[in-house]
Each structure stands twice: as structure tokens, then as C-alpha cells.
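So the structure is just underneath, and the comments pick up after that.
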Amino acid sequence: MIKYSPQKIERKWQRVWLKSGIYWAKDGSKKKKSYILVEFPYPSGEGLHVGHCRPYIAFDILSRKRRMDGFNTLFPMGWDAFGLPTENYAVKTGIHPRVATRKNTAFFKRQQKSLGLSFDWSREINTTDPGYYKWTQWIFLQLFKNDLAYKAKMPINWCPSCKIGLAAEEVIDGSCERCGAKVIRKEKEQWLLRITKYAERLIQDLDLVDYPEKVKTLQKDWIGRSEGWEVQFPISNSQLPNETKSSEAREEPKAPRASINVFTTRIDTLFGATYLVLAPEHPFIENSKSLPAQAGEIRNSKFVQKYIEEAKGKTERERISEVKEKTGVELKGLVALNPANGRKIPIYIADYVLVHYGKGAIMAVPAHDSRDWDFAKKYNLPIIDVIKQQQDTSNKIQDTKAFAEAPPPLTPRLSASAYEGEGILINSDRFTGMKSEDARIRIGDWLQKQGLAKKTVNYKLRDWIFSRQRYWGEPIPLVFCERCALRQGSGQGWVQIPEKDLPLKLPNVKDYKPTQEGESPLAKVKSWVETKCPNCHGSARRETDVMPNWAGSNWYYLAYLMRGIFSFQFPISKYKKVFKYWMPVDWYNGGMEHSTLHLLYSRFIFKFLWDIGAVPKSIGPEPYKKRTSHGVILGEGGIKMSKSKGNVITPDQVVWRQGADTLRVYEMFMGPFGETITWDPKGVKGARRFLEKVWKLFGKYEIRPQPIFNRLGRPALIQGLRRNPKSEMPISSSILDKVGTNPKSQAPISQLERLLHKTVKKVGEDIENLRFNTAISALMVLVNELSKNKEQLTENNLKVFLLLLAPFAPHLSEELWQRMRYKNSVHLQPWPKYDPKLVKEETFTLVIQISGRVRDKVEAPSRISEKEAKELAISSERVRKWIAGKGIKKVVFVPGKLVNIVV
RNA sequence: GCCGAGGUGGCGAAACUUGGCAACCGCGAUAGGUUUAGGACCUAUUACCUUUUAGGUUUGUGGGUUCAAAUCCCACCCUCGGCACCA
């Protein structure tokens with residue numbers, strides 16, 4: 001018998017499939033569509049490792065099965081090729097990033113092809129191609145036109161090693177995500193996108209999509225919505241006499257006076273606010289010099305300035321590492337007035353308050369906030385309890401007076417920590433005795449009437465820094481024109497390049513290093529920077545920043561639909577029909593690490609495109625219907641695979657030695673798809689053994705290898721394989737409607753036949769649920785069963801088995817399919833159907849329990865009645881032994897399962 | 001600290017959706033066969049314990065519900081992942 005040598009058959013079929021284009025999806029087909037998307041990779045120089053392959057293989061299996069189900073299935077692939085590693089490589093070697101990218105993508109593509117993945121290569125995209133980034137730039141211009149892109153000076157996270165500004169999302173533990181260097185803060189002009197404008201919708205519309213709860217939670221937490229109140233604290237001179245009166249008496253609003261606004265979610269604790277804290281960057285400190293006389297002035301400004309300077313020099317990381325040791329400085333000479341009771345409270349600046357959240361200032365309630373508690377303890381500030389915990393929540397509070405008894409204000413508190421929960425108000429004037437949840441509304445309303453508070457919603461989400469001072473990215477298609485700036489009067493002066501001039505191509509440079517000041521290398525190219533204003537034709541300067549690496553992946557799921565790769569033509573309305581047919585993506589799989597980055601960004605951009613009508617309204621405001629994530633593959637010993645650890649397993653190693661089908665089966669069999677697993681070289685052997693076993697089953701179909709290409713280089717062996725991608729995928733009609741059953745024969749249905757039907761059901765359902773490990777297990781059971789008896793190796797049994805195996809081991813299945821001399825490709829066959837009646841067994845093992853313990857098992861017909869089953873149980877020898885001398889209390893019968901006799 | 005996932009043989013795991021024979025399938029191991037050897041392949045055994053034609057114990061720990069719990073409920077312990085001064 002010919003040996004199973006995957007090296008020989010895999011290459012062959014890969015060539016046939018590619019030439020015949022059987023995996024190409026058809027635009028505008030009448031068939032139901034299925035758009036399956038896996039995240040496209042960044043083609044690094046190292047190539048793929050086995051972990052990358054896991055989602056590709058899994059969704060290749062799903063795509064193949066969906067095709068067999070009759071879906072017009074789109075499963076595309078492309079390259080997210082702009083980015084830092086390629087640029088750093090260029091800095092080091094002087095090799096142009098374009099050249100490196102070409103080499104890397106070729107490498108990646110070769111590896112992917114060697115796995116036998118059924119990508120529609122006719123739709124391949126590359127984000128670095130001018131034909132592609134023309135659209136990335138076009139989207140930016142639309143954002144700019146709609147006031148969603150703006151430039152602002154801001155402190156950014158600066159990586160001194162990469163010489164690049166990082167988005168908050170790219171900073172991991174205070175270090176650069178890419179190189180691990182410590183991030184510092186630096187002021188820089190940056191382009192930003194107003195993703196915050198979409199914050200509410202990005203939360204709301206999560207209800208429309210099928211994402212794992214975990215991903216939804218991650219996104220919601222990242223956006224961080226919180227409802228609360230903005231409260232105004234008037235500022236006063238600490239020298240003035242105390243104006244504390246009863247809260248009733250100070251209703252009349254005076255002439256506008258200096259004040260500080262804070263954001264709080266716990267306005268119910270307002271009476272416990274004993275000081276204010278401002279972030280060091282808070283503008284109030286700058287502006288305090290021009291305070292009205294009654295407000296006074298900061299008397300220790302030198303000291304304050306020193307603290308501010310220190311805080312600014314600290315990185316976020318340093319600030320965070322000092323969580324336990326809070327620092328701050330009092331603004332001497334000023335006090336704030338608590339709007340609830342007019343009490344004078346001191347004002348501090350401290351770096352535990354963040355400038356970019358809320359109003360950059362807080363009211364400190366040390367009794368009910370652990371951070372304020374720590375600060376108050378350190379600086380010996382008053383702590384006033386205003387919420388009393390309800391001891392017994394089951395008893396409703398009848399006597400609120402009992403709760404009104406509280407330690408007198410301003411006495412040092414005895415408890416050891418802040419109480420942050422809900423409860424009953426104390427020390428809160430006329431609100432005392434109220435539930436904190438209710439007080440929140442009542443106090444808020446009361447202050448709102450006086451114009452001292454307003455209800456607001458705050459988000460943690462910040463606008464998205466959308467520029468990088470680097471080379472290898474999409475140029476931002478704007479120029480700065482002094483003349484237009486003056487004329488506009490707005491001081492803006494940014495003029496967009498006309499759409500017809502897109503793409504704005506990235507010029508060649510010799511030196512890829514950013515300047516010492518952190519400007520893009522493009523800033524050194526005079527001929528590029530100096531240009532004419534498209535508006536007034538005067539001299540103007542180009543923007544030299546480029547877009548971040550996320551820009552190209554915001555919309556790539558649309559690019560796959562825009563046929564005519566890299567020559568997509570304006571206007572976008574040309575593509576409405578294909579968008580309408582294919583969108584939204586039916587199933588999108590990607591890494592968990594993208595839950596708050598790419599996934600959130602691309603949802604935002606899609607919503608924007610939907611808003612401006614660039615995509616049809618009918619497809620809805622969400623790009624992805626369903627999202628799943630794959631688990632990571634760890635190296636041997638459970639360590640993350642990395643070049644530096646030298647434990648990287650490449651698919652090539654496995655494909656060359658064991659074959660692509662073995663790699664596919666192993667990766668799918670090794671554990672649940674969504675979970676982290678450790679690579680085990682011994683496990684690979686098991687997968688290979690399984691395929692060898694399959695090979696042997698088909699021993700009788702041994703044929704001499706035939707030429708598969710004719711002289712013209714066309715596939716010769718298979719007739720009728722679709723060669724023209726425009727034609728509909730042909731489906732062979734010769735397949736049985738039901739597997740295993742021969743309608744003519746009246747012979748009893750064999751156990752094997754039932755197993756066949758069961759396996760068809762299980763494998764099909766398991767694939768749709770990404771339970772590949774159990775699907776393969778079921779296939780193994782079937783193979784073991786088939787190989788027990790040669791008689792069972794009938795043509796029909798083998799055929800059905802091959803169809804089930806085809807998505808998992810496409811090469812082997814195709815080879816055996818051809819050896820059986822069937823026409824057409826196994827991958828163009830319909831998925832077998834099972835008979836629900838035959839999935840159920842005719843007999844089952846009736847388990848007999850005595851008081852819950854298994855004592856005997858007997859074969860019984862499936863439809864056995866309760867009475868019969870009980871009689872059967874009691875008639876058993878063993879059972880009699882166990883119940884002898886004991887009274888039967890109760891007998892439980894579960895149809896199809898067991899009888900339990902309680903004694 | 002907060003959020004999430006998980007804890008089952010020597011190992012990867014299955015059974016959890018729907019409470020009903022715990023450990024499918026695979027790896028490894030042991031014995032035998034085959035082979036010049038190694039490897040490959042075939043057959044059998046393989047959760048643990050005991051006094052082994054049989055019985056007992058076992059799903060992180062403790063409790064609860066139930067005729068019956070890996071599965072449902074409560075408390076705790078441990079591991080992994082993510083977020084983290086967001087007022």
C-alpha cells in the first residue's frame with residue numbers, strides 16, 4: 001500500500017484549489033451569504049507561529065462547512081502592514097519599509113497557503129497600498145469635515161525609546177507596549193478624534209450584537225459611564241469672617257463670584273465634604289492671580305508652584321505607584337464654601353486627582369471615600385460621617401431619629417476606614433434620616449434650584465490620539481495655511497486636500513529616524529512639507545504626522561467587498577450594493593487583547609460611516625454581528641512563545657514533518673478553542689496517527705497517481721471544478737439525501753448506521769459552536785468503529801465519513817475523494833443530512849440504582865414503560881440481593897435513563 | 001482593590017446547555033506481539049484503595065437542595081487573565 005505522505009498530496013491540492021478558484025465568494029449571489037472574518041495580521045519579519053494559525057484553522061473549518069451548507073461564504077485575508085516594527089527595522093538596516101513589507105507579506109502568505117486555508121485570495125488587501133490608504137485618508141477627511149478630528153496641545157505618553165507618542169491604550173503598566181521602555185509625559189500637538197461623542201452609542205448598541213459578555217463588560221468599563229452631579233463651590237478669602245448660617249438662610253444667589261466646579265456621583269455625601277482637591281494641572285491655579293478681591297489670593301504660591309512642577313515631571317506610572325502615599329499642598333489664603341451648609345473648607349492641590357476626568361477637581365468626603373480618607377488622615381483634615389450603614393437590611397427603618405444620633409461634627413472619627421456603601425444620612429441637616437439613594441436626588445434637586453448643581457454624565461473614555469510622529473503610516477491629508485488661518489479668523493488654518501487628489505502618497509525618505517524633537521521623519525523632507533494651499537493657492541505646510549497603526553484596520557472589513565483590489569474608485573456610493581449584500585460581518589473572531597482597542601475603534605468608525613451615509617442604512621449601525629475570541633497557545637512548559645525565549649514553534653516545522661492536515665487536526669483537538677493551551681509535541685503525533693488510520697481505511701481505493709494538470713497548466717483530474725470565479729459554485733446532486741440509509745432495503749438498522757447519523761449531527765453542531773475538540777473526538781470514535789470490521793467499509797459509509805472530515809483535513813479528504821473516483825471536489829459537496837429518528841438508539845442501558853448507587857445495568861428497549869422498567873429492575877438478581885430484608889420506600893423512573901429504588 | 005474565567009486521572013481533556021453510569025477521545029505509561037536494532041505498527045491494561053467472581057472511595061474545601069449533584073444554591077480557599085487614584 002502506498003504510504004500516507006502529506007508532503008506529496010498537500011501541495012498538489014493547494015495548487016488545484018488556487019487555480020480553480022473554488023473558494024471565491026460571489027458578489028450579489030441569490031444564495032444566503034455568510035461573511036466570516038478573522039483579524040488580519042501584522043506581517044512581522046518573524047513569520048507566523050502556531051498560535052496565529054489557531055483562529056485561521058478554526059474559521060477555515062467553519063467556512064468550509066458553511067460552503068457545504070450552501071452558503072455563499074466570504075472568508076478573506078489581508079495585511080495590516082503599517083506599523084512600528086517594520087519602521088524600526090528600516091531605521092536599523094536602511095531597507096525601505098515597503099520592501100520589508102513586501103517580503104514579510106510574501107512570507108506570511110506562503111505560510112498561510114501551506115495550511116490549506118480556503119481564503120478568497122482574489123480579495124486580498126494591504127493597508128500600505130496607496131489604493132487602500134486613499135480610503136483611509138478619505139475617511140479621515142470626512143471626520144475632519146464633521147468636526148470629529150481636531151488638533152490640540154496636550155500632555156501625551158511619550159516613549160523615549162521609540163520616540164513616539166502613545167495612546168493610553170498602548171501604555172501597559174506605565175511602559176511602552178512595544179519596546180517596554182518607561183513612558184514619560186510630554187506636551188505635544190496631536191490630532192484627536194472625538195470618539196467621546198460616540199461614547200453613549202458605543203455602550204447602547206452593544207445590545208444589538210452577539211459578543212461574549214466579557215467583551216461587552218470590557219468595553220463598557222473602558223468607556224466608563226457614570227452619572228452624577230456637577231457641583232459649584234464658591235471661593236472666598238480665608239480672612240473674611242465666617243458666613244456660616246443655616247442652609248435655609250442663604251438662598252439668594254449673589255453676583256457671580258469665583259468658584260470651583262467638581263464632579264461627584266455621591267452628592268448625597270455633600271455635607272461630609274470637608275475640603276476640595278484640584279488636580280495640579282487645573283486651570284484655576286493659573287487663573288487665580290486675577291481673582292476678585294473678595295476671593296483673596298494664594299499666599300503660598302511658590303510652594304504650590306513647586307509641587308505642580310514636581311507632579312508634572314512625574315509619569316503616570318510614578319503617580320500610580322504612589323497610590324498608598326498621597327501628597328498635596330494646601331492653597332493658603334483661599335477657602336471654598338460648601339454649598340450645602342456654607343461651611344468654609346480648605347482647598348488642596350494633589351496629584352491623586354486627575355485633570356482629564358470630570359472637572360479635574362473633587363469635593364473630598366473622607367468619611368465615605370477611601371482615597372479622601374487616606375489624604376485626610378495624612379494631613380489631619382476633619383472627617384465627618386454623613387452615611388450610617390444599615391445594620392440589618394431586613395428590618396425597615398422605623399425610627400429615623402435613632403440614626404440621627406451621631407458623633408458631633410468635626411470630632412475625630414474612630415473607625416479605621418471609609419464607608420463607601422449606601423445607608424441612612426446623618427449630620428446632614430434636613431436630609432438626615434433619608435436613604436442615601438433618595439438623598440442623591442433630593443440634594444441634587446435642591447442645589448439645582450439654586451443654580452449650584454447640575455446633573456451630568458461623565459465618561460472615562462478620552463478622545464483618541466490619532467497622530468504619530470513617524471514615517472510608516474498613512475499621511476494625514478491636510479495642509480496648514482497661514483493665510484487661510486488669518487482669513488478664517490478661527491485660528492484653525494487646516495485645509496484639506498481635495499478628494500480627487502487622494503491618495504496623498506507617502507514620499508520616499510532616506511532617514512527613517514524621527515527628529516530629536518520628536519517630529520516625524522517627513523518633517524525633514526522639504527519638497528514634501530512645502531506645498532501650495534488648495535484653498536488660496538498661497539504657500540502652505542503639510543502636516544507631517546502620520547496616522548496610527550489602527551487607522552487601516554478601522555474599515556478593512558469593507559475593503560474586502562470593494563472588488564478591483566487597490567483601484568477602488570470614488571465615489572463610495574458605487575459600493576452600496578455589495579455593502580448591502582455582505583454587511584454586517586456575520587462572525588468576527590479575534591484576540592481578546594483587541595476588545596478595547598481595535599474592536600472599539602472600528603465600531604466607532606463604522607458608526608460614523610453609517611451616520612454620513614457612506615454605507616447603507618439598512619445594514620444597521622454595527623459592523624459585526626457576532627464576535628468570538630481564540631485562546632492563546634503557550635510554548636512548552638506553559639510559557640508564552642517568544643523569540644527571546646527561543647520557544648517559538650512555527651507552522652513550517654510541523655507542516656514539513658507531519659503535514660498541514662496533522663497540524664490542523666492537532667490544533668483543533670488539543671483543547672477548547674476559547675481557552676489557553678500549551679503546545680505539546682507529543683500530541684501532534686496523535687493527530688498524525690489518526691490520519692494514518694483514516695488513510696488505511698481507504699486502502700482498497702488505491703490508485704496510481706494521475707497527472708492533475710494538463711499541458712495548459714489547468715487542473716485536469718477534476719472536471720467541472722469552477723474555474724470562472726463569476727459563476728455560481730456548482731453543487732453535485734449525486735449526494736444522498738440521508739446518509740447511511742438505503743430506502744430499498746428492509747434490513748434492520750445497524751449500530752454503525754446509527755453511529756453514522758449521530759456523528760453527522762454532532763460534528764455539524766460542534767463546528768457551529770466552535771467545539772472542534774469534541775467534533776474530532778467523534779470522528780475518531782467513528783474511525784475506530786469502522787476499522788473494527790472490514791465489512792463496514794462500504795462506499796457509502798466511507799463517503800459520508802470523508803464529507804465530515806473534509807473541513808478538518810481538506811487535503812487528505814480531497815485525495816481520498818478523488819481516489820474513490822468521484823467527480824468534482826469534496827469541498828463542493830453538500831453537507832450530509834442525518835435522520836433525527838436514527839440518532840436515537842433503539843435500546844439503551846437501563847441503570848438500576850439502589851438509594852442512588854449504581855447496582856446493576858440491563859439492556860432495555862428505548863420505549864420501555866415505567867411499569868416494565870420497574871419490573872425489570874426488581875427482577876434482577878443483584879438488585880434482589882440489595883433490597884433483601886429492606887422495605888422499598890420509593891421507586892423513581894427516568895425514561896431512557898434509569899430506575900432508582902430507595903430503600 | 002474591582003471585574004472576568006477557571007479548579008475533574010500521570011498529562012491535554014469529556015460529561016455542565018437539559019441534575020441521572022464521572023473520566024469519551026487523545027497523550028503518556030505497563031505487558032505481550034512484530035522488527036537485526038531504533039522507530040513504526042498491532043493486542044491488552046491503565047482514576048484511586050482493599051481482604052479483587054466483589055466491595056469501597058473520588059470532580060479545590062465546607063455546607064445546602066434533591067430519590068439522585070462535577071452539574072443547581074450559599075460560604076470559603078487557590079490559580080490564571082484583564083482593569084486599576086476615573087471621584
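The values are calculated or read from the model by the stated rules, or taken from the named source; none is laboratory data. Quick caveat, the model's predicted, so the values are computed rather than measured. Neighbour counts are summed over all protein chains in view; Cβ atoms, including those assigned to glycine, are modelled from backbone coordinates with ideal geometry. Heads up: the accessible areas ignore ligands, DNA and RNA and are worked out on the full protein's heavy atoms, side chains in. Shrake-Rupley method; radii C 1.70, N 1.55, O 1.52, S 1.80 Å.
A few notes on this one:
- Rounded to 10°, Cα long-axis angle of helix A:6-20 versus longest principal axis of chain A: 70
- Protection proxy ranking of A:446-457, A:82-93 - average other beta-carbon atoms within 10 Å, highest first: A:82-93, A:446-457
- Apportionment of accessible area to carbon and sulfur, region A:539-623, percent (1.4 Å): 56
- Nearest 10 degrees, 0 to 90: helix A:795-805 Cα axis against chain A principal axis: 20
- Average accessible surface area per residue within region A:508-619, 1.4 Å rolling probe, Å²: 38
- 3J(HN,Hα) along region A:826-842, derived from phi through the Karplus expression 6.51 cos²θ - 1.76 cosθ + 1.60 where θ = phi - 60°, amounts to 4, 7, 9, 7, x, 5, x, 9, 10, 9, x, 5, 7, 6, 7, 6, 7 Hz, with x in place of Gly and Pro.
- Gain on full stretching of the segment that runs from residue A:854 to residue A:657 - 0.36 nm per residue minus C-alpha separation: 66.1 nm
- Length released on extending from residue A:19 to residue A:96, taking residue separation times 0.36 nm less the Cα-Cα span: 24.5 nm
- Cβ-derived FRET efficiency at R0 56 Å, residue A:110 paired with residue A:370, nearest 0.05: 0.50
- Between residue A:636 and residue A:420, the modelled label-to-label distance comes to 4.6 nm, taking each label 7 Å out from Cα in the direction of the beta carbon.
- Note: relative contact order over region A:53-142, using C-alpha pairs below 8 Å and six or more positions apart, is 40 percent.
- Length added when fully stretched, residue A:877-residue A:221, from 0.36 nm per residue minus Cα-Cα: 229.9 nm
- Mean separation of Cα contacts under 8 Å, 6 or more apart, over the residue count of chain A: relative contact order %: 15
- Apolar share of the accessible surface for region A:846-893: 51 percent from carbon plus sulfur atoms, 1.4 Å probe.
- The amide H of residue A:456, built 1.01 Å from its N in the peptide plane, has A:228, A:229, A:230 as neighbours under 5 Å, considering only residues 5 or more places off or on other chains.
- Label point distance in nm, residue A:576-residue A:781, each placed 7 Å from Cα along Cα→Cβ: 5.3
- Degrees between helix A:810-819 axis and first principal axis of chain A (Cα, 0 to 90, nearest 10): 20
- Cross-link table A:758/A:823; A:505/A:645; A:31/A:788; A:113/A:696, entries beyond 31 Å C-alpha to C-alpha: A:505/A:645; A:31/A:788
- For region A:469-578, chymotrypsin sites (Phe, Trp or Tyr not before Pro) are listed when DSSP marks them as loop and at most 16 other Cβ atoms sit within 10 Å of their Cβ; the list is A:566.
- Computed FRET value (nearest 0.05) for residue A:513 with residue A:30, which takes r as the C-beta separation and R₀ as 60 Å: 0.60
- Under Karplus coefficients 6.51, -1.76 and 1.60, residue-wise ³J(HN,Hα) of region A:677-687 in Hz, glycine/proline x: 9, 9, 5, 10, x, 5, x, 4, 4, x, 5
- To put it simply, the accessible area of region A:1-135 at a 1.4 Å probe is 55 percent carbon and sulfur.
- Think of a 1.4 Å ball rolled over the protein heavy atoms: region A:764-903 then has 50 Å² of accessible area per residue.
- Counting only protein heavy atoms and a 1.4 Å probe, region A:51-196 has 31 square angstrom of accessible area per residue.
- Residues in region A:331-359 that a label on residue A:301 would reach, taking backbone N under 20 Å of a point 7 Å out along Cα→Cβ: A:331-336, A:347-350
- Long pairs among A:188/A:526; A:153/A:524; A:26/A:216, criterion Cα-Cα beyond 25 Å: A:26/A:216
- Residues of region A:1-23 with amide N under 17 Å of a point placed 7 Å along Cα→Cβ from residue A:790: A:1-2
- The helix-only estimate of mean residue ellipticity at 222 nm for chain A, built from DSSP H runs of length n ≥ 4 each weighted as -39500 (n - 2.57), is -9500 deg cm²/dmol after division by the residue total.
- Residue A:69/residue A:238 FRET efficiency (R0 60 Å; Cβ-Cβ; nearest 0.05): 0.20
- Rough spin-label spacing in nm, given labels placed 7 Å along Cα→Cβ, for residue A:204 and residue A:526: 5.4
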